[in-house]
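The values are calculated or read from the model by the stated rules, or taken from the named source; none is laboratory data. Only a predicted model underlies this, so the values are computations on that prediction, with no experimental measurement involved. FYI the Cβ positions are ideal-geometry reconstructions off the backbone, even for glycines, and counts take in every protein chain you see.
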Amino acid sequence: MNKENKKVAFQTLGCKLNFSETSTIARDFTEKSYQRVRFNEKADVYVINTCTVTEQADKKCRQAVKKIIRQNPEAIVAVVGCYAQLKPDEVSNIPGVDIVLGANEKQKLFNFIEKYEKEHRPIYHSCEINEVEAFDAAYSSGDRTRSFLKVQDGCDYPCTYCTIPKARGKSRNQNIEKTVALAKEIAEKGYKEIILTGVNIGDFGKSTGENFYQLIQALDKVEGIERYRISSIEPNLLSDEIIEFTVKSSKFLPHFHIPLQSGSNEILKKMKRRYNRERFANRIYKIKELIPDAFIGVDVIVGFPGETDELFQETYDFLESLDVSFLHVFSYSVRPGTESEQMSGKNDAKTIANRSKVLHQLSSQKHRAFYQKYIDTTHKVLFEAKNNQGKIHGFTENYLKVEINYDESLINKVVNVQLAGLIEPELFAGKPLL
């Protein structure tokens, strides 16, 4: 079969960083005459880019492989990414997996596919993570509106619950000049918005003698890009100058995603986080003082070992007191090889589920209250391409979702829109002001 007739399908599990990497790997295939199809369609090659943050993520990978084998047992199945890096033997033992590639090899997947086709022998290739030094640049494409740009990889933080440093290696990045060149490439493809992604993006510059503040200053000057969002940044790395730059910039949007993980200083210390709740609160106050309309999303983990009912209540009360917009709630799960695996005071599944439910309810309250503040206000909305039952959707600068009647001429355009009212608790009906 000629390459022109071959089809490849991708499934991405986990974070936005994974999506940017999958898209870059996919471009390598399409540039070599493969046709990309949906994951539920018949293909010659299936690629699963994995996550391993939770046991559930590992389970999803195994389920995806089983699904492929049922629908196309003759296909080549490649499992790449974090799960493949951490547990290559476990992944290779999943029936039907032909290729397993870790962090250092996944960007060379096409070469390994060619090797497999010639030799018809399984390929399991995952070097020690401490040997991974190269930075593989990546950005997503296909959305027509927004692109996820990878600016940093790896992490030097020894958080006691996290396997990411073992899956992705030490913090590293390419220099500002090369990162800006990628942003220009994205602009040339017609994208209007870039989301900066990484494992610990506030650590940008460690490997090149630069810093994140210098990066955003340089990116702000790229012509063609009208919007930037910072995907997630640690509170100890979110400096006053970054916040103040966001106020001055017409491109960097009032949208912050800041991991908290716990509102208890006792638990934060056990997690080996590099800040306390007072430092976190200071960052929220600073943002809201300078940018009252800012959307602030917060990551929080429930059920960490030693989190008693009293300490969970501390987290709840702390979050309730903060002017934040949304909570990303994660249930603690034991990850093999982490310090927390050996800690006493583990919570049972029922307790963790109940605490998660309580914080999800708090998140819904805060998210709805955030939306309600903006009824009958006017905001700039970037509309996306998808026609959803005669409707088109977009997001304001501060991440309010807006719906209007489908209008193809508005795709990938930033338009002033009156937020006329709420269709759902977290969805505005918009009226374009053309």
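Below are the figures for this structure:
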item: Residue count for the range 182-231, restricted to those that are crowded, with 19+ Cβ neighbours inside 10 Å, of a type in the set (Phe, Trp, Tyr) and without any contact (Cβ under 8 Å) to a residue 40 or more places away in the chain; result: 2
item: Test for ALA103: is it under 19 Å from the mean Cα position of the chain (by Cα) and either at pLDDT 90 or above or crowded, with 16+ Cβ neighbours inside 10 Å (or both); result: yes
item: Flag for LYS7 being closer than 25 Å to LEU196 by Cα and touching a strand residue (DSSP E or B) at 6+ places or on another chain (Cβ under 8 Å); result: no
item: Of all residues in the range 305-353 being part of a loop (DSSP other than H, G, I, E, B) and among the charged types (D, E, K, R), the one that is nearest to the chain's Cα centre (by Cα); result: ARG335
item: Residue that is modelled with the lowest pLDDT [pool: residues in the range 322-362 that are among the charged types (D, E, K, R) and buried (at least 18 other Cβ atoms within 10 Å of the Cβ)]; result: ARG335
item: Condition met for ARG36 (basic (Lys, Arg), within 25 Å of the chain's Cα centre (by Cα), outside any helix (DSSP H, G or I) and modelled with pLDDT of 90 or more); result: yes
item: Output for the range 257-304, where each listed residue is in contact with a strand residue (DSSP E or B) (Cβ under 8 Å, 6 or more places away or on another chain), polar (S, T, N, Q) and assigned to a loop (DSSP other than H, G, I, E, B); result: SER262
item: Among residues of the range 186-199, those that are under 15 Å from SER23 (Cβ atoms), more than 19 Å from the chain's Cα centre (by Cα) and at pLDDT 95 or above, counted; result: 0
